[in-house]
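J.: Please see the structure below; I have some questions.
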Amino acid sequence: MSEILDVVIVGSGPAGYTAAIYAARAELAPVLYEGSVTAGGALMNTTEVENFPGFPDGVMGPDLMDSLRKQCERFGTKIFTDDIVSMDLSGEIKVLTDGSGNTLKSKSVILATGSAYKEIGLTNEKRLSGRGVSWCATCDGFFFREKVIAVVGGGDSAMEEATFLTRFASKVYVIHRRDSLRASKIMIERAKSNPKIEFIWNTEVIDVLGADKVSGLKLRNLLTSEESERDFDALFVAIGHLPRSELLIGQIDLDGEGYVKVDGRSTRTNQKGVFACGDLVDHTYRQAITAAGTGCQAALDAERFLASH
Amino acid sequence: MSAAQPVTAATFDEVVLKSSIPVLVDFWAEWCGPCRAVGPILDQISEEYAGKIKVVKLNTDEESAIAIKYGIVSIPTLNVYVNGEVVKTVVGAKPKPALLKELAAFI
């Protein structure tokens with residue numbers, strides 16, 4: 001492709017699709033790469049979304065993403081269900097390569113690649129992934145009907161995963177390293193009042209047991225240092241996320257945890273013509289609506305940049 | 001028309017276990033987002049590598065006995081069968097270049 005585009009949006013989800021809506025309406029003819037297997041982002045793996053404004057009866061995550069996608073297509077966004085595999089963002093014209101080998105050139109880029117699940121970091125956690133270790137309750141919970149499941153984590157994701165899993169499991173144990181949860185009050189209440197959920201406090205998982213599938217966990221009590229082993233049929237890890245910024249190392253300024261740094265409350269990165277939004281930037285709020293908000297800002301920042309360059 | 005074809009309990013033996021070429025079985029379900037995402041990629045692989053590897057789909061809701069038999073607890077799971085045995089397992093949806101790397105020995 002020898003033409004030079006005005007803007008390429010890398011990533012989808014509420015941030016990427018909202019950026020596309022605004023960029024398309026600003027007649028920038030945006031091209032959006034939504035991801036070959038990750039299109040739609042984190043909300044594709046959730047069920048009801050009850051806190052996105054505008055939906056008094058809630059909305060299913062995938063349906064919300066489908067609506068946003070249709071909305072950005074309506075205004076002329078060209079969407080590729082593919083990945084950007086490398087980017088050179090240093091020049092005035094940014095050069096990107098996609099998973100099918102095509103090269104794109106663009107005056108500006110909006111980064112919206114979001115975040116990926118954090119792993120505990122255990123060897124056996126990785127080894128048994130897909131064999132009883134999972135990061136996605138809606139994906140895998142179905143296979144653990146009447147089983148005993150462990151969920152590690154203390155935030156909203158952990159509460160949501162645990163609650164969802166009670167649809168299938170005979171029992172769900174939430175294992176958390178402190179004695180209080182950082183989840184929202186309503187989610188904590190729901191989990192605590194669910195008869196199938198029990199909490200194991202002040203405890204961390206130090207190993208995952210099982211030969212070719214999960215059979216149990218090795219736990220350590222952080223107050224007494226006592227170690228124990230307990231039988232479980234599955235481990236769902238819900239301890240947070242890490243930004244997907246691997247392709248940006250060395251060219252875009254990142255903070256100590258890999259989040260993209262932006263200028264004040266704008267979406268401007270250290271590189272002229274490169275803007276970042278959504279969970280790739282946000283450590284603090286990480287909601288669909290805040291991602292959508294920063295996606296809009298990124299498109300407006302890009303529009304202003306293009307008007308003067 | 002060499003997109004991935006469905007396989008059932010009735011046809012599994014003939015189509016998968018008795019195949020003379022490697023068979024990739026995609027264990028999937030309708031409600032599984034990543035399964036739907038990887039579907040078109042597997043259809044492409046089925047067409048591009050026809051004759052070298054056969055790609056079939058097994059719906060775990062409809063054919064749960066087979067899914068249980070092969071210990072499937074996460075979808076999508078892709079099993080490669082050679083001479084009736086599982087020789088490779090890939091769990092989770094992966095982009096095409098990554099899948100081709102995993103299947104390199106068979107294509």
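The values are calculated or read from the model by the stated rules, or taken from the named source; none is laboratory data. All figures in this text were calculated on a predicted structure; none of them were measured in a lab. Cβ atoms come from the backbone with ideal geometry, glycine included; neighbour counts cover every protein chain shown. Note: areas computed on protein heavy atoms with side chains; ligands, DNA, RNA excluded. Shrake-Rupley method; radii C 1.70, N 1.55, O 1.52, S 1.80 Å.
J.: Which residues of segment A:13-53 end up with at least 30 Å² less accessible area in the presence of all protein chains than when their chain stands alone, using a 1.4 Å probe?
T.: Residues shielded by partner chains are A:36, A:37.
J.: Ok, one more. Identify the GluC sites (Glu not before Pro) of segment A:60-143 meeting these criteria: DSSP loop state and at most 15 other C-beta atoms within 10 Å of the C-beta.
T.: Of the GluC sites (Glu not before Pro), the ones in loops of segment A:60-143 whose Cβ has at most 15 other Cβ atoms within 10 Å are A:92, A:119.
J.: Partner chain Cβ atoms within 10 Å, averaged over the residues of B:94-107 - can you pull that number for me?
T.: Per residue, the average neighbour count from other chains is 2.
J.: Could you work out how much longer the chain between residue A:212 and residue A:51 gets when fully extended? Use 0.36 nm per residue separation minus the Cα distance between them, nm to one decimal.
T.: Result for the pair: 54.0 nm of gain on full extension.
J.: Counting only DSSP beta bridges with both residues in the protein assembly as shown, what percent are antiparallel, rounded to the nearest 5?
T.: About 50 percent, rounded to the nearest 5.
J.: All other residues with a Cβ under 13 Å from the Cβ of residue A:40 taken together, and with Lys, Arg as +1 and Asp, Glu as -1, what is their net charge?
T.: Taking every other residue near residue A:40 into account, the sum is 0.
J.: Of the listed pairs A:70/A:126; A:70/B:54; A:78/B:54; A:213/B:94; B:18/B:57; A:213/B:52, which have alpha-carbon separations greater than 25 Å here? Don't skip to the answer; put the middle values down first.
T.: On the way: A:70/A:126 36 Å; A:70/B:54 35 Å; A:78/B:54 33 Å; A:213/B:94 21 Å; B:18/B:57 16 Å; A:213/B:52 31 Å.
In this structure, A:70/A:126; A:70/B:54; A:78/B:54; A:213/B:52 lie more than 25 Å apart at Cα.
J.: Based on DSSP H runs of at least 4 residues, each adding -39500 (n - 2.57), what is the mean residue ellipticity at 222 nm of chain A after dividing by all its residues, to the nearest 500 deg cm²/dmol?
T.: My calculation for chain A gives -7000 deg cm²/dmol from helical runs alone.
J.: Which value in nm describes the separation of the simple spin-label points at residue A:272 and residue B:21, placed 7 Å from the Cα toward the beta carbon?
T.: For residue A:272 paired with residue B:21, the spin-label model returns 5.4 nm.
J.: What are the residues of segment A:105-132 that lose 50 Å² or more of accessible area, with a 1.4 Å probe, going from their chain alone to all protein chains?
T.: For segment A:105-132, once contacts with the other chains are taken into account, A:130 lose 50 Å² or more.
J.: Output the lone cysteines of chain A: those with no second cysteine's C-beta under 4.7 Å from their C-beta.
T.: So, A:72, A:277, A:296.
J.: What is the distance in Å between the Cα centres of segment A:138-210 and segment A:26-51?
T.: 27 Å
J.: On to the next question. I need the trypsin sites (Lys or Arg not before Pro) found in segment B:51-107, filtered to DSSP loop residues with at most 14 other beta carbons within 10 Å of theirs.
T.: The qualifying sites are B:52.
J.: Then there's this: What is the interface area between chains A and B, defined as buried accessible area summed over both chains with a 1.4 Å probe, reported in Å² to the nearest 100? Can you show the working numbers first?
T.: Details: alone 15250 and 5590 Å², together 19610 Å².
When A and B are taken together, about 1200 Å² of accessible area is lost.
J.: Follow-up. List, in order, the whole-Hz ³J(HN,Hα) value for each residue of segment B:10-19 obtained from phi through the Karplus relation with A = 6.51, B = -1.76, C = 1.60 and θ = phi - 60°; use x for Gly and Pro.
T.: 5, 9, 4, 4, 5, 6, 9, 5, 9, 5
J.: Across the residues of B:39-46, average count of Cβ atoms on other protein chains within 10 Å? Working shown, then result.
T.: Values: counts 0, 2, 4, 0, 0, 0, 0, 0.
Per-residue shielding by partner chains comes out at 1.
J.: Take A:212, A:207 and sort them by solvent-accessible surface of the protein heavy atoms, 1.4 Å probe, largest at the top.
T.: A:212, A:207
J.: Could you do me a favour and compute the accessible area per residue for chain B, 1.4 Å probe, result in Å²?
T.: Each residue of chain B exposes 47 Å² on average to a 1.4 Å probe.
J.: A further question follows. Could you work out how much longer the chain between residue A:85 and residue A:118 gets when fully extended? Use 0.36 nm per residue separation minus the Cα distance between them, nm to one decimal.
T.: Working it through step by step, the gained length comes to 9.8 nm.
J.: In the protein assembly as shown, what percent of the accessible surface is made up of carbon and sulfur (1.4 Å probe, ligands and nucleic acids excluded)?
T.: Values: 9800 of 19610 Å².
Here it works out to 50 percent.
J.: Sticking with this one: Tell me, what are the semi-axes, in whole angstrom and largest first, of the equivalent ellipsoid of the protein assembly as shown as set by the roots of 5 times the Cα gyration tensor eigenvalues?
T.: One finds semi-axes of 36, 30, 19 Å for the protein assembly as shown.
J.: List the lysines whose alpha-carbon lies under 22 Å from that of residue A:261, not counting same-chain residues fewer than 8 positions away?
T.: In chain and number order, the partners are A:94, A:107, A:118, A:272.
J.: GluC sites (Glu not before Pro), restricted to segment A:143-225: which are DSSP loop and have at most 11 other Cβ atoms within 10 Å?
T.: Hits after loop and neighbour filter: A:146.
J.: Here's another thing I want to ask about it. Report the gain in length on full extension from residue A:2 to residue A:180: 0.36 nm times residue separation, minus Cα-Cα distance, nm rounded to one decimal.
T.: The span from residue A:2 to residue A:180 would gain 58.5 nm if fully extended.
J.: Can you tell me what percent of all Cα-Cα pairs in segment B:30-101 are more than 22 Å apart?
T.: 19 percent
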